[in-house]
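Presented below is the structure to which this report refers.
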Number of protein chains: 2
Amino acid sequence: MSQAAVVLVSGGLDSATTLAIARDRGFDCYALSFAYGQRHQLELEAASQVAQHLGALAHRVMPIDLSMFGGSALTDASLAVPEAALDAPVDEAGAIPVTYVPARNTVFLSLALAWAETLQARHIFIGANAVDYSGYPDCRPEFLQAFEDMANLATKAAVEAQDASERLQIEAPLVAMTKAEIIQTGLQLGVDFALTLSCYQPDLHAQACGRCDSCRIRHQGFVACGVKDPTRYA
Amino acid sequence: MSQAAVVLVSGGLDSATTLAIARDRGFDCYALSFAYGQRHQLELEAASQVAQHLGALAHRVMPIDLSMFGGSALTDASLAVPEAALDAPVDEAGAIPVTYVPARNTVFLSLALAWAETLQARHIFIGANAVDYSGYPDCRPEFLQAFEDMANLATKAAVEAQDASERLQIEAPLVAMTKAEIIQTGLQLGVDFALTLSCYQPDLHAQACGRCDSCRIRHQGFVACGVKDPTRYA
């Protein structure tokens, strides 16, 4: 088996750090992004730059039209993106934010699994984080473990595995980190965060709005670790 | 919660029977097919006819280019489709057939889950069968159970579920049936199998080859239950 890993890369800060961690652990990294009907196609350009910057051996962008099913402010132009208060990325009642995309991480990990199988890769990296975005059910450790258990029953490689070391592993190294810890880790590993784009509603020049949940959490992270925020704001 | 169900419909015999079973159980059926880079786009026309014939409320065809990842005779034009002996749908060593598509059912069920979530549907039907196609790991009951467990940790609906009756269920009513039992069940529920297409390599007029694994298993099923085979052969 090769030491290849599939890494989900969105163009944002978290997945850039995740890719840097996978590279630092010695994996040959295959970056996977999705054009999933989201408003901000600019993030795919950021993903491409991040993949190149961090030495991915390949970068695939798979078109997948989740807007066919509707249901999220990120893919449905009729829903407004909320500009919540800094301390309330999840709404007041602790409910799931409307920016949630139905079954997103399940879909993305499944497609990563398909690529991993053809690459004979045993590792899939995802920048899921359960601290700042606790409203998303598919970012929690128990979900990620259940996906790994399922994947090990789903694939030819798993069926043919000779021992536990050949099990497929879902790696979510950021899952328990704060945003400040993610930024510090990325900086230590040489990530140029100026290449990344986190904003839910960037302008046509890929400049961040500075107001959406994602911008606020990101900026707060730079402030918390005492580093200059390299984000280009509109 | 509605009594909606998402039903994976390929255009073949198994998924047509599955759709008929879901309808018979009283569900409002939403049929989902995939254009996944397979050679036989004609199966999508069959899927459309089957969905209409069996009263699906909607039929979506999602393009998803699994050939981007390679690895199967069904999506990779450089690999030949095997014409195995009648009694050997799985190869002699019991190995997984080369017609296996990487992580196919994981990917298809994940996308069905996305639609189910926006429909507030708690049931996903799949025509998986572990008897005739035992070489596919993602057709086995243990895989389907693991997917269901994962799905119930993945979705907003599952997180907000008030009791066990609101759990998401993966329904695979054919999983333990022989091909003859599937055909008999379908006929009892009014399925017109002449609309279905099972062949891995139909001609341009959607006529079956009669030689590939899928054709042989299908024909053997009609013979076994003493019913005239309505398949149009080239």
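The values are calculated or read from the model by the stated rules, or taken from the named source; none is laboratory data. Just so you know, these numbers come straight off a predicted model, no measurement behind them. A quick note on method: Cβ atoms are made from the backbone with ideal geometry, for glycine too, and the neighbour counts reach across all protein chains shown.
Counting the residues of the stretch A:126-162 that are surrounded by fewer than 22 Cβ atoms within 10 Å (Cβ to Cβ), more than 12 Å from chain B (Cβ to nearest Cβ) and within 22 Å of B:Pro102 (Cβ to Cβ) gives 1. Scanning the stretch B:184-207 for residues being out of contact with any Phe, Trp or Tyr (no Cβ under 9 Å at 6 or more places or on another chain), of a type in the set (Gly, Ala, Ser) and at negative phi gives a total of 2.
May I ask you to list the residues in the stretch B:145-183 that are under 16 Å from the mean Cα position of the chain (by Cα) and of a type in the set (Ser, Thr, Tyr)? The answer is B:Thr178, and nothing else. Screening A:Leu197 with (1) within 14 Å of chain B (Cβ to nearest Cβ); (2) in contact (Cβ under 8 Å) with a residue 12 or more places away in the chain gives one miss only, at (1).
Every test in (1) under 20 Å from A:Leu19 (Cβ atoms); (2) at pLDDT below 90; (3) not aromatic (Phe, Trp, Tyr) is passed by A:Leu204 save one, and that test is (1). Yes or no: B:Glu181 at pLDDT below 95, charged (D, E, K, R) and surrounded by fewer than 20 Cβ atoms within 10 Å (Cβ to Cβ)? So B:Glu181 does not fit the description; no. Assess whether A:Gln49 counts as being modelled with pLDDT of 85 or more, more than 13 Å from chain B (Cβ to nearest Cβ) and assigned to a helix (DSSP H, G or I). Yes; evaluated as a whole, the condition is true for this residue. When the residues of the stretch B:52-67 are filtered to those that are in a helix (DSSP H, G or I) and not polar (S, T, N, Q), the one that is farthest from the other protein chains (Cβ to nearest Cβ) is B:His53.
Suppose we filter A:Ala16, A:Ala56 for residues that are aliphatic (A, V, I, L, M), within 16 Å of A:Asp192 (Cα to Cα), at pLDDT 95 or above and touching a Cys at 6+ places or on another chain (Cβ under 6 Å); which single one remains?
Exactly one of A:Ala16, A:Ala56 is aliphatic (A, V, I, L, M), within 16 Å of A:Asp192 (Cα to Cα), at pLDDT 95 or above and touching a Cys at 6+ places or on another chain (Cβ under 6 Å), namely A:Ala56.
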